[in-house]
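Working notes, beginning with the structure itself.
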Amino acid sequence: MLDHCSISHKGGVVLWSRSFTPAASHTAASSASPVNSLVREALIEGRSSDGKYEKDGYAVKWTFVNDLELIFVVAYQRILQLTYVEDLLNALKTLFIKLFQPFLTTFVASLHVTTTVKLSASADTHSSWNFAKAFDGWDAVFDKLLRGLEDKAAQERRTRSGHVIRPMVEVTPPEEDINIVPSQSSDNVLDEEQIARNVQALKNRLRGRGGPPGRRGRGRADVGNGRDSLPGSDSETPSKSKRKAKAQRKWGDEAPTESDMASLDFSYDSSTSDSHIAPPVDLSALVDNGSLGTRTQDGLYEVRDWEFAQSQGGKSADDVIAEVLKKSGQEPPKPSSGSLGALGSIFARLTGSKVLTEEDLKPVLEAMKQHLMKKNVAKEISDKICEDVGQSLVGKKVGGFQTTNSAVRQALANSITRILTPKTSTDLLLSIRTKLSAPVAASQQRQPYSITFVGVNGVGKSTNLSKVCFWLIQNGFRVLIAACDTFRSGAVEQLRVHVRNLGMLGVDGATNSKGRVELYERGYGKDAAGIAKEAISYARDNDFDVVLIDTAGRMQDNEPLMRALAKLVATNNPDKIIFVGEALVGNEAVDQLTKFDRALRDFSAASGGQERGIDGMLVTKWDTVDDKVGAALSMTYVTGQPIIFVGCGQTYTDLRQLRVGNVVQAILSD
């Protein structure tokens, strides 16, 4: 049974609607209705383009009529398997346009006129239309159509259930045969005993072959005498080489002294007189002056923007399209004299006033999908983006060659821009300063701003955490790094080296920034959630501004480790949860982000805290992909969250910000 059905204009005007239950009527009118969520997330943000959307137990399907700018929407409970929804949408679209096309054409034209003349007058124009009178008789047509489709679906269900029952009745055994149990014959028992004897004889023969080469014949003959194996065979000889266990160091009754610990520290060159003293560090190897950020008029240190430098050696998008057409058996179009390339040549036949159809767009959309995948966009995301572009172009009228070419490119650029545009603020400095400057009660202490870094193994969480720490130090914050990776060997020591280096670098060329960064660690094998909680308390008591929480890498399918991470999040409620991922991944980015976000939301809520998901991304190894920046598009599409930074080098200054225009240019680059 349907819950809601509506016909609307893309401008937001509802032409006709029907709710079938009181609950659905109330829900459809609220801001949390599935139809409103469809408009906001699927249509405006472009995060779903396959004609289906699910939200809060509802399933929503829709279809477009682009030339009249209409949207047909049907909502129903997801648990119901309604097989006739697709047929209903197609029939609604066909009948509604056939019955009311003159009125709809006039209405859409008036909308464009009022929008052009005066935007404020459009509301008055909308209210002047009497839709009830214009669509008189449509309710009866809809009821008849819906009743016919429901009856047809019910008949199909009865037919399928009849096919399932009939063979079950035919194979029912006779009543007198039910209690008959087949008995095991003596021949079968005899065969099993013979098989057992043969197996044992084979084992004995194999043992005999394991003896010395000169006595193999005797080993085989002894099988007939009932002997299991030869006394001198290798199978009877115990292994002489046993693996020695690691000898444990014995300290005696007293704890080791400081000199004992220093003698065991092999971190530095033992040839120096004091091996426990770190040698001087070459600061020029830690900071690249060419990649240093800039100071604003307010004195804030900002990292540089990543800028796309188009390479000249790669294939163009038009070359990719030509290759796809050639593989499919079609003749690759020749570039025109106007240098419009293959993409424009594909549409050369669509000159004049022509309405684009799915068949017209199919080859160029397939070529577009191949181009996106070669830019490292995940296949699933490429499919959905191309579907979105196709839906926005089907039914559009094109007036000429250049118009069609620019329309296709512009539709793709608009779709990518809509996906990459942040829905939340990416100004991390503003968020930190807002919390630190918020008033607190006299009996309470100011809480530090906490950021948790999560991700799979080996993506560079600790390294890029130190880059973020350098950026925060340059902006005058005191930073505490919490070593909550208590599993990986060397994780604490790695952070200790970073803290030592960052303490030497200083702010704006000063000799050092000692006291601005510290490490909070409790060794290995401890509870990460407890260490993070202690670190936040330590930062609060010692006037640290920001706590950066480093966590152990884990695979997205490891449920116990994901529960442990969710426990850390639920216990400490960090202000930001940043997912650290690689720019090199393609389809794997979708799987990693989807499962990390879903596991954090499910397990954090189950642990007694509020539901928390990923708040932003930091993409590492960005300097290795050139113009193949599709991972950014895939990650943003999956979560709807922004990419805050990208890491692009080996020094602490190699941190960049992404601009939407630069990413779009790289993806669409020739």
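Can you pull out the trypsin sites (Lys or Arg not before Pro) in the stretch 569-670 whose DSSP state is coil and whose Cβ has at most 10 other Cβ atoms within 10 Å?
Numbers: sites: Lys576, Lys595, Arg598, Arg601, Arg612, Lys621, Lys628, Arg656, Arg659; in loops: Arg612, Lys621, Lys628, Arg659.
In loop regions of the stretch 569-670 (DSSP not H, G, I, E or B), there are no sparsely surrounded trypsin sites (Lys or Arg not before Pro).
Each residue of the stretch 483-489 in turn: what ³J(HN,Hα) in whole Hz from Karplus with 6.51, -1.76, 1.60 and θ = phi - 60°, glycine and Pro shown as x?
Values, residue by residue: 8, 9, 8, 9, 10, 6, 5 Hz.
Which percent of the Cα-Cα distances in the stretch 506-626 go past 22 Å? Intermediate results must be reported in sequence, preceding the final value.
Details: 3305 of 7260 pairs.
Tail fraction, whole percent: 46.
Put a dot 7 Å past each Cα toward the Cβ at Gln447 and Arg160; how far apart are the dots in nm?
Taking the simple label geometry, Arg160 and Gln447 are separated by 5.1 nm.
So what's the convex hull volume per residue for the Cα atoms of the stretch 569-648, in Å³? Write out the running numbers ahead of the final one.
Numbers: hull volume 6.0 nm³, N = 80.
Once divided by residue count, the hull of the stretch 569-648 is 75 Å³.
Taking all protein chains in place and a 1.4 Å probe, what share, in percent, of the accessible surface of the stretch 561-634 do carbon and sulfur account for? Working shown, then result.
Working: 1180 of 2580 Å².
Roughly 46 percent, rounded to a whole number.
Just subtract the alpha-carbon distance of Glu611 and Ser291 from 0.36 nm times their residue separation and send over the number in nm, one decimal. Can you show the working numbers first?
Values: separation 320, 0.36 × 320 = 115.20 nm, distance 3.82 nm.
The span from Glu611 to Ser291 would gain 111.4 nm if fully extended.
Shape verdict for the stretch 418-523, please, from the Cα gyration tensor: rounded (a/c under 1.5), prolate (a/b greater than b/c) or oblate. Present the calculation step by step, with values, prior to reporting the outcome.
Numbers: a/c = 1.43, a/b = 1.16, b/c = 1.23.
Rounded shape, in that the Cα axes give a/c under 1.5.
May I ask you to derive the FRET efficiency for Glu559 and Arg78 from their Cβ-Cβ distance with R0 = 25 Å, giving the value to the nearest 0.05?
0.50
Can you tell me the accessible area per residue over the stretch 589-670, all protein chains present, probe 1.4 angstrom, in square angstrom?
On the way: 2670 Å² over 82 residues.
Result: 33 Å² per residue.
The values are calculated or read from the model by the stated rules, or taken from the named source; none is laboratory data. On a predicted model such as this, the values are computed, not experimentally measured, just so you know. We place every Cβ from the backbone using ideal geometry, glycine too, and count neighbours over all the protein chains shown. These accessible areas exclude ligands, DNA and RNA; they are computed on the full protein's heavy atoms, side chains included. Shrake-Rupley method; radii C 1.70, N 1.55, O 1.52, S 1.80 Å.
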